[in-house]
Amino acid sequence: MDDLEINRFTQYLTNVGKIPAARIYKSSLRGFSFWISNRKKTFDNFTIVDVQEYMSGVKNNSTANLFLGAIRGYMKFRNVTLPIGDPRVLIETQRENQLRGLKSRSKRLKREKVALTVEDLREFLAVLGGLPKTPRNELVYSGVILHWYFGARPVELGKWLRTSGVEHPAEINWKNRTMQLYTAKTGDYRFLAWHPAITSHLKRWIAALPTFAYPNAWLTTRIKEYTVGGVRVTAKTGRRTVQTQFRLFGVPDYITDAVLGHISRSSAIGDIYTDFTQMESQIKDAMIQGHYMVKNGLV
């Protein structure tokens, strides 16, 4: 029964384009399902205490937090898909609220390296550039350039960068080398710009997007075999590198937030009321003249 519920939830995630999450959440929820089955329980009657005790047995903080995200997402999905007037709504709402009240674990008990240095990235690009010149390898190289340049999320560069055929297509001005890209977390568009050296990589990537069976995970699955400078590389490493290098090069945090599509930690209200169209010249300067990849000759 629980397998049917897990499949129902993960199929929904797949249908809305959250394919990596569907795959990871399925594995995480199956572990919990097996654990509660030994207590003669199912997803219909587990309690918040079961979740707490299960998490206490998970040693890795990131794995525990991933499970918490999975079970919260499942319970929210389960609740909203109940028929209106169903008597189970009350108890399911209580369980959902209790899960929402659980605190995530600290992601890192000690500081550790999660972003690439300029020299790390230079080494990584040299390795990728030294591979045989096949269309696949050239596309991986361009994908890495784009992720480490824009710092965009995989779903944004893998799905929303398309100029047609998606709900929120990118608006690209090739002449001015600027774009409006849909932001996954905030649900609006953000302004981006790029150096002329990026154009060929961007065109190659956009042309290939319709061929990706799993656009959100296409690049990650092809670079996860690499470890550079002690960092196991993922597409998120690109976001972390941009955040780190922009700060090291003195880019104001509010410009970095605008580029990465963050809600400012210092002023969420400020983000709501700020007219970012008046900052486009500053964003262009940070992404072209002041970009760490440009200043260090990486592109």
statement: Extension length gain for Asp3 and Asp44 (0.36 nm per residue less Cα distance), in nm, is 13.5 nm
field: Distance between modelled label sites at Glu171 and Ser62, nm, 7 Å Cα→Cβ extension
entry: 3.7
query: For the chain, what is the calculated [θ] at 222 nm in deg cm²/dmol (nearest 500), taking -39500 (n - 2.57) for each run of four or more DSSP H residues and dividing by its residue count?
result: -16000 deg cm²/dmol
query: Hey, what did the chain get for relative contact order, percent, Cα under 8 Å, at least 6 apart?
result: 18
Signed unit charges on C-beta, dipole axis of the chain, positive-most listed residue Tyr292, Ala126, Thr178: Ala126
- request: Take the Cβ-Cβ distance between Thr117 and Glu53 as r, set R0 to 51 Å, and report the resulting FRET efficiency rounded to the nearest 0.05.
  value: 0.80
- line: Cβ density ranking, 10 Å radius, fewest first, applied to Lys295, Lys40, Lys284 yields Lys40, Lys295, Lys284
- request: Averaging sequence separations of C-alpha pairs under 8 Å and six or more residues apart, then dividing by the length of segment 147-299, give the relative contact order as a whole percent.
  value: 28
- prompt: Residues with amide H under 5 Å of Val228's amide H, sequence separation 5 or more or different chain, H placed in the peptide plane at 1.01 Å from N; which?
  reply: Val233
message: If you average the alpha carbon positions of segment 68-129 and of segment 11-33, how far apart do those two centres end up, in angstrom?
response: 11
query: Taking neighbour Cβ counts within 10 Å as the exposure measure, how do Glu138, Glu225, Glu156 sort from fewest upward?
result: Glu225, Glu138, Glu156
15 Å Cα-Cα reach of Lys159 towards aspartates and glutamates, excluding residues that sit fewer than 8 places from it in its own chain: Glu167, Glu171, Asp188
message: Within segment 130-162, name every residue whose backbone N is under 15 Å away from a label modeled 7 Å from Cα of Phe249 along the Cβ vector.
response: 145-152
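How large is Rg/Rh for segment 2-101, to two decimals, with Cα atoms and a Kirkwood Rh?
Reported Rg/Rh, Kirkwood definition of Rh: 0.94.
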query: What residues qualify as long-range amide H neighbours of Tyr189, i.e. H under 5 Å apart, gap of 5 or more or another chain, H built at 1.01 Å from N?
result: Thr183
- prompt: Over segment 176-259, what relative contact order in percent results from Cα pairs under 8 Å that are six or more residues apart?
  reply: 20
query: What are the residues whose amide H is under 5 Å from the amide H of Arg162, where those residues sit 5 or more places off or on another chain and H is modelled from the backbone?
result: Ala170
task: Output ³J(HN,Hα) for segment 249-259: one whole-Hz value per residue in order, computed from phi by the Karplus curve 6.51 cos²θ - 1.76 cosθ + 1.60 with θ = phi - 60°, and x for Gly and Pro.
output: 8, x, 6, x, 4, 5, 6, 4, 4, 5, 5
- prompt: What shape does segment 54-94 have by the C-alpha gyration tensor, where a ≥ b ≥ c are the square roots of the eigenvalues, rounded means a/c under 1.5, and otherwise prolate means a/b greater than b/c and oblate the rest?
  reply: prolate
Within straight-line cross-link reach of Lys103, lysines at Cα separation under 18 Å, skipping those fewer than 8 residues along the same chain: Lys59, Lys76
task: Using the charge dipole of segment 2-101 (Lys, Arg: +1 at Cβ; Asp, Glu: -1 at Cβ; taken about the Cα centre), state which of Phe46, Gly73, Val89 has its Cα farthest towards the positive end.
output: Gly73
task: Fewest Cβ neighbours within 10 Å first, please rank Tyr189, Tyr292, Tyr182 accordingly.
output: Tyr189, Tyr292, Tyr182
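Beta carbons within 10 angstrom, averaged per residue: use that to sort the peptides 234-243, 81-90, highest first.
Going by the mean number of other Cβ atoms within 10 Å, highest first, we get 234-243, 81-90.
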task: Using all C-alpha to C-alpha distances in segment 150-248, build P(r) with 5 Å bins and read off the rounded percent in each one.
output: 2, 12, 20, 25, 22, 13, 5, 1
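Quick check for me: using +1 on Lys/Arg Cβ and -1 on Asp/Glu Cβ, what's the dipole size of segment 2-101 about its Cα centre, in debye to the nearest 20?
Using only the charged Cβ atoms, the result is roughly 240 debye.
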- line: Looking only at aspartates and glutamates whose Cα falls under 20 Å of Lys175's and that sit 8 or more positions away or on another chain, we get Glu280, Asp285
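Each reported figure results from applying straightforward, stated rules to the coordinates on display, with no laboratory input. Everything numeric here is computed off the predicted structure, so don't read it as measured data. Heads up, the Cβs are rebuilt from the backbone with ideal geometry, glycines too, and the neighbour counts pull from every protein chain shown.
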